[in-house]
Amino acid sequence: MGDSLRNIANTIKDLDSILIFPHINMDGDSLGASTALCLALRSIGKKSYVMLDEEIPENLDFLECGCSIYDVDSYDRFDLSLQIDSSGMNRILGREAAWEKGKIKGCIDHHPTVKQDVYYDFYLTEPETAATGEIIYRLIKYLGAEITLDIANCIFAAIVTDTGNFQYSNTTRQTHEITAELYDIKDFNAKIVSALIYERRSKDSIMMEGEVLSNLEFFSEGKVAIGTLTQDILTKYGCMMNESEGIVQRIMTIEGVEVGCLIKEDDSNLVRVSLRAKHKANVAVVATKFGGGGHLRAAGCTMYISPQEAKKHLIPELIQAAETYV
Ligand code: 5GP
Ligand code: MN
């Protein structure tokens, strides 16, 4: 949907400076895809940065690669502001002024819809592609840049995190083909990258996860499971919210659970909700109902209420989703 990747590559080839925007609450795909593109652009002589305004989660620190920038005030203009792995201003909150530094605007994404509250000179979204990192890999090839070890690591991280280690239903032949090509890059080692992402957790974060999982609530004969991570629990274990990555996926490993939900209390009266479906229900519909979005089987929303209130609103919708197979 949107412009062709080849045309986008040709547009970018004619530009000198590109500012890249991953989404808020960055994940392995948004940061990995952004850094991979930034490194590739630099290698073909462009000025490029990944624009951030939040700390990089510790398990993704190796995806920084000297690309990130937090302050672009000293830069006059960039030729292009490029949103990666999301669309719409509410996914780049806090960076609106930096976004305006771009003479033209673009968006490369894999979510089903492109938000229309922003004008994009070009956009591409591929809802059938598991990770934005796959699109960026192909874009880098069109740009004629070399896939270096750092780029390979970024693309691999993007793919494994967005496919749940190739387990989600979004995984395709292309996912595996691109991953296979990464093995041709000198010194590429998938185990090293996986260990960096998944094997550096603190004991406290495991115990925090244990507490959330011990208090799951089930509805609809076990088809719906809801977990709640409050600020109190985070404080008890000295954890950061980004250490909750993976909890909702753990919920989905329970037999019989079709719809999983993790309500994360981010601040007083601000919850972020992670929704997952196993293989039949549509949770994007539920997220959209509450102003969020996402994919059929992995979606989310932000609600400006307490976790208890959020749960009250979510329960009937989640039950309906679990009973309405698509
Ligand atoms: P996660 O649960 O991993 O945070 O997010 C799952 C999916 O839902 C991601 O594809 C993400 O882009 C989408 N998502 C999560 N939170 C929000 C939100 O507040 N708004 C929108 N539009 N999408 C979200
Ligand atoms: Mn993604």
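For the chain, modelled as a GNM whose springs connect Cα atoms under 10 angstrom apart, the maximal fluctuation among D16, D266, D184 occurs at D184. Screening the chain for whole DSSP H helices with an alpha carbon extent of at least 15 angstrom along the helix axis and a mean Kyte-Doolittle hydropathy of at least -0.5 yields 28-43, 132-143, 149-162, 203-214.
Counting only aspartates and glutamates at least 8 places from K103 when in the same chain, those with an alpha carbon closer than 18 Å to its own are D14, D16, D71, D73, D76, D79, D117, D121.
The shape of region 5-198 comes out rounded: with a ≥ b ≥ c from the C-alpha gyration tensor, a/c is under 1.5.
Note on S4: accessible area is roughly 50 Å² with a 1.4 Å probe, heavy atoms of protein only. Sorting M1, M207, M303, M241 by accessible area puts them as M1, M207, M241, M303; the probe is 1.4 Å, largest comes first, and only protein heavy atoms count. Within the listed set G293, G106, G45, the residue fluctuating most in the Gaussian network model of the chain (springs between alpha-carbon atoms under 10 angstrom) is G45.
Think of each Lys and Arg Cβ as +1 and each Asp and Glu Cβ as -1; about the Cα centre, that makes the dipole of region 203-323 roughly 340 debye. If I take all pairs of Cα atoms in the chain, what percentage of them are more than 33 Å from each other? The proportion of pairs with Cα distances above 33 Å equals 25 percent.
Exposure check, 1.4 Å probe, all protein chains in place: R276 carries approximately 50 Å² of accessible surface. Near L149, once Lys and Arg are set to +1 and Asp and Glu to -1 for all other residues with Cβ below 13 Å from its Cβ, the sum equals -3. Straight-line reach from K312: taking Cα to Cα under 27 Å and skipping same-chain neighbours fewer than 8 places apart, the lysines in range are K223, K236, K264, K278, K280, K289.
When the chain is treated as a Gaussian network with alpha carbon springs shorter than 10 Å, the biggest mean-square fluctuation among Y75, Y120, Y137 belongs to Y75. For the chain, the dipole from Cβ point charges (+1 on Lys and Arg, -1 on Asp and Glu) about the Cα centre works out to 580 debye, to the nearest 20.
Each part gets one Cα centre, and for region 220-263 versus region 1-27 those centres are 34 Å apart.
Per residue, the accessible area of the chain comes to 45 Å² when a 1.4 Å probe rolls over the protein heavy atoms.
Its DSSP H runs of at least 4 residues, each contributing -39,500 (n - 2.57), put the calculated 222 nm mean residue ellipticity of the chain at -11000 deg cm²/dmol, to the nearest 500. Using a probe of 1.4 angstrom, how much of the accessible area of region 5-198 is carbon and sulfur, in percent? C and S fraction of accessible area: 47 percent.
The values are calculated or read from the model by the stated rules, or taken from the named source; none is laboratory data. These numbers were taken from a predicted model, which means no experiment stands behind them. Neighbour counts run over all protein chains shown; Cβ positions are idealised from the backbone, glycine included. Heads up: the accessible areas ignore ligands, DNA and RNA and are worked out on the full protein's heavy atoms, side chains in. Shrake-Rupley method; radii C 1.70, N 1.55, O 1.52, S 1.80 Å.
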